[in-house]
Amino acid sequence: MDTAITGLDQGALSAVARVARIDRGWSTAYRSMDEARGAAPPLRVRNIGADVAVGDWILPDADGERVAEVLPRKSAFVRRASFDGMRAVSDTLAANVDTVFLVHSLGSPPSPRRLERELVLAFDSGADPVVVATKPDLVGEVDAPLAQLREVALGVPVWVASGKTGRGVDALRRRAEGNRTLTFLGASGVGKSTLVNALLGGARQATSEVRDGDQRGRHTTVAAELLPLPDEGWIIDTPGVRAVSLWLSGDGIERAFADVFDLMDHCRFRDCKHDREPGCAVRAAIESGELDPIRLTSLERLVEEEAALEEEQRARERAADRRAGGRTRPPDAAEFDDSWDD
Ligand SMILES: Nc1nc2c(ncn2[C@@H]2O[C@H](COP(=O)(O)OP(=O)(O)OP(=O)(O)O)[C@@H](O)[C@H]2O)c(=O)[nH]1
Ligand SMILES: [Mg+2]
Ligand SMILES: [Zn+2]
């Protein structure tokens with residue numbers, strides 16, 4: 001945590017600026033705490049050619065007109081933006097985050113499958129995840145739903161907090177000590193902006209009622225925004241994310257499914273498919289009730305999703321190579337026939 005970037009604490013902003021919001025190719029960024037607190041107009045620069053995300057540290061060009069450089073990110077949430085299967089495009093939700101709160105409402109049935117995906121994204125981001133269960137006031141007892149979330153949140157804290165009643169908010173705030181950056185990931189209507197307001201100590205972010213029938217939110221927050229906390233640290237409010245689609249994963253899947261991977265290490269055969277092979281530790285754990293079979297299915301689905309994305313990326317790279325290099329040689333001919341090149 002002692003990189004040049006985190007070394008720039010709230011009081012020491014100067015030539016570099018931190019991106020607070022992005023509107024149609026323009027970044028609004030803070031060069032000083034006065035700007036962050038609204039006492040001075042912030043910097044507005046064009047993003048032309050720069051891949052900028054909220055939370056990034058940037059260097060404007062000499063005229064202060066455009067982003068000259070985006071400083072290396074300490075962490076970043078990258079998801080797949082398009083779902084149409086035509087072309088994979090990545091989308092960076094927030095950058096330079098220390099703690100990400102994965103927010104789930106106790107007002108709806110727990111969704112451990114969704115949490116699994118969020119954990120993969122969080123582990124891949126480089127930020128530390130904490131699961132936050134909101135709206136405890138809506139349920140009589142929280143133990144059962146919390147247990148369901150804990151079952152997939154291996155080694156990750158699961159807290160209860162409510163922006164409405166204030167319960168648990170101090171624990172969230174402590175994560176910002178040392179001038180750190182917090183953000184939220186969760187479905188619309190789970191109470192992210194309500195928590196942001198509780199942390200800011202005022203109604204800064206708009207919130208709105210969820211729908212009566214299914215408790216779904218109305219996508220009230222439409223763009224990510226970086227806000228300074230009153231004492232120290234930063235918070236990035238984010239729009240509700242409908243579906244958590246993976247981008248190319250680092251070791252996120254391995255970390256989020258460490259329990260299943262540990263079992264796989266104990267299968268008799270190295271190429272065990274965990275289907276009917278003798279000596280399969282995964283099957284044995286499912287039969288003894290130690291492992292929920294849905295977890296294996298989830299893992300397989302995520303691995304497939306990642307493999308499909310990697311394949312798509314490779315195909316695009318090949319297409320780009322072809323465009324750049326003109327004609328390509330069929331691999332077999334190239335290998336066996338030196339005279340192929342006409
Ligand atoms: N009962 C109860 N309601 C809450 C709590 N936290 C938030 N709410 C309500 O839930 C609704 C949605 O809250 P928001 O904070 O707007 O949700 P959000 O996650 O920011 O939603 P998007 O911006 O759409 O992604 C509001 O009506 C809040 O008042 C809570 O702890 N208890
Ligand atoms: Mg919101
Ligand atoms: Zn096996």
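Since every read-out is calculated from the coordinates, none of them should be taken as a lab result. Not measured: the values here are computed from a predicted model. Reconstructed Cβ throughout: ideal geometry from the backbone, glycine too, with neighbour counts over all protein chains shown.
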Between Glu310 and Ala15, 0.36 nm times their residue separation minus their Cα-Cα distance comes to what? 102.4 nm
For Lys135, the lysines lying under 27 Å Cα to Cα, once residues fewer than eight places off in the same chain are dropped, come out as Lys164, Lys192
Cα-based equivalent ellipsoid of segment 132-198: semi-axis lengths in Å, sorted from largest, via gyration tensor: 20, 16, 11
Projected onto the charge dipole of the chain (unit charges on the beta-carbon of Lys, Arg, Asp and Glu, signs +1, +1, -1, -1), the Cα from Leu299, Ala285, Ala95 with the largest positive-side position is that of Ala95
Report the far tail of the P(r) of the chain, meaning the percent of Cα-Cα pairs longer than 37 Å. 28 percent
Can you find, among Val16, Gly213, Thr238, the residue farthest towards the positive end of the dipole of the chain? Put +1 on the C-beta of Lys and Arg, -1 on that of Asp and Glu. Gly213
Unit charges on C-beta of K, R, D, E only; dipole of the chain, Debye: 1300 debye
Work out how much length Arg322 to Arg113 would gain on full extension: take 0.36 nm times their residue separation and subtract the Cα-Cα distance, in nm to one decimal. 71.3 nm
Calculated FRET efficiency for the pair Arg46/Arg204, C-beta based, R₀ 22 Å, to 0.05: 0.25
Please report Lys74, Lys135 as a ranked list, fewest other C-beta atoms within 10 angstrom at the top and most at the bottom. Lys74, Lys135
Quick one: length gained pulling Arg268 to Ser288 fully straight, 0.36 nm per residue minus the C-alpha distance? 5.4 nm
Using only the Cα atoms, what convex hull volume per residue in Å³ does segment 206-278 have? 203 Å³
Send over the semi-axes of segment 257-325's equivalent ellipsoid, whole angstrom and largest first, taken as the square roots of 5 times the C-alpha gyration tensor eigenvalues. 35, 13, 8
